[in-house]
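Here's the structure, in structure tokens; my notes come after.
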Amino acid sequence: MLEYLVPRASSYAADIDFLFDLITYLVGFWFILTLGYFFYLIFRYRAKDGQKAEYITGETHKQKMAIEIPHYLILVCDAAIIVFTFIVWTDVKITQPEPDEEIRIVAQQWAWSFYHAGPDGLLGTDDDIARVDELHVEVGKTYRFHLESTDVMHSFSVPVFRLKQDAVPGRVIQGWFKPIKTGEWDIQCAEMCGVAHGIMAARIFIEDAETHTAWVAANAPTMVANTPIQDGSMIASNLSIDLQLKEDI
Ligand SMILES: [Cu+2]
């Protein structure tokens, strides 16, 4: 159902959806069972002609068991959720697979700057392609991103990836994703970051190898600044910025 509402476009999207499903089914099962039992008891022990509604103290062995057995079963369900969450968390957030390419993402009030590696496939070189609110990636490649913020806390959210990562001023946070489906999708800021937070959106373009290579070739900067910019207000580390970004801003 989640896939029907929001497609899965990353290698780990199905794992995240599995956790949502697991929690929904387990909580839903106990919710229906508990309320069903609750209303059954209300009906069963209600007041009738010549008989008062029964008051149960819950002190007999049988009554205690009716509480304790479901209690322990729910703890088992909790443990299952924790185990599966730990496995998925380790895969998505702890393990950092060897990337095919790297991307630098800079959040600011209220836009996203994306620095693509360019034709040489290396980030931080003169042929990097910088774009505002536009991220281009190739399907099937593993990407490591370096996420920064220049002002307040933001959150890099790509719903089709089931990816959400806070951007924290003063830190460079690494993460990864592997797109598995071509298309054009939303990127959102998922952290209240000021008056224009609601319109801090961008687009991700997941392209096949041919389209992506053509995009890189067509957009690689011809004139670049040779000296890394040291201005800490916009660029937190010593990566170069091309002229295209200045035009875009
Ligand atoms: Cu934001």
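Any residue in the stretch 122-133 that is away from the ligand (no atom under 13 Å from the Cβ) and under 18 Å from the mean Cα position of the chain (by Cα)?
no
Please find, within the stretch 134-153, the residue that is nearest to the chain's Cα centre (by Cα) out of those that are aliphatic (A, V, I, L, M), part of a loop (DSSP other than H, G, I, E, B) and over 14 Å from GLU207 (Cβ atoms). Applying the filter and picking the extreme gives MET153.
Can you tell me which residue is farthest from SER10 (Cα to Cα) among those in the stretch 187-196 that are within 10 Å of the ligand (Cβ to nearest atom) and crowded, with 17+ Cβ neighbours inside 10 Å? Even if it seems obvious, please write down each step before you answer.
Residues of the stretch 187-196 within 10 Å of the ligand (Cβ to nearest atom): 188-194, 196.
Applying the additional criterion that residues be crowded, with 17+ Cβ neighbours inside 10 Å yields 188-191, 193.
Working: GLN188: 16, CYS189: 18, ALA190: 18, GLU191: 22, CYS193: 26 Å.
Once the filter is applied, the top-ranked residue is CYS193.
Only one of the numbered conditions (1) touching a helix residue (DSSP H, G or I) at 6+ places or on another chain (Cβ under 9 Å); (2) farther than 30 Å from ILE204 by Cβ is not met by GLY50, and that is (1). What tally of residues in the stretch 134-177 results from selecting those that are of a type in the set (Ser, Thr, Tyr) and within 16 Å of the ligand (Cβ to nearest atom)? Residues meeting the conditions: 4. Spot the failing condition for GLU98; the list is (1) within 16 Å of the ligand (Cβ to nearest atom); (2) without any contact (Cβ under 8 Å) to a residue 60 or more places away in the chain, and only one is missed. (1) is the only condition that GLU98 fails.
Please determine, by comparing only the residues of the stretch 57-98 that are basic (Lys, Arg) and closer than 21 Å to THR34 by Cβ, which one is surrounded by the fewest Cβ atoms within 10 Å (Cβ to Cβ).
Taking the stretch 57-98 as the starting set, the residues that turn out to be basic (Lys, Arg) are 62, 64, 93.
With the extra rule that they be closer than 21 Å to THR34 by Cβ, the set shrinks to 62, 64.
Details: LYS62: 7, LYS64: 11.
The qualifying residue surrounded by the fewest Cβ atoms within 10 Å (Cβ to Cβ) is LYS62.
Any read-out appearing in this document is the output of simple, stated calculations on the displayed coordinates, not a laboratory observation. It should be emphasised that the depicted structure is a prediction, and the values quoted were computed from it without experimental measurement. Neighbour counts run over all protein chains shown; Cβ positions are idealised from the backbone, glycine included.
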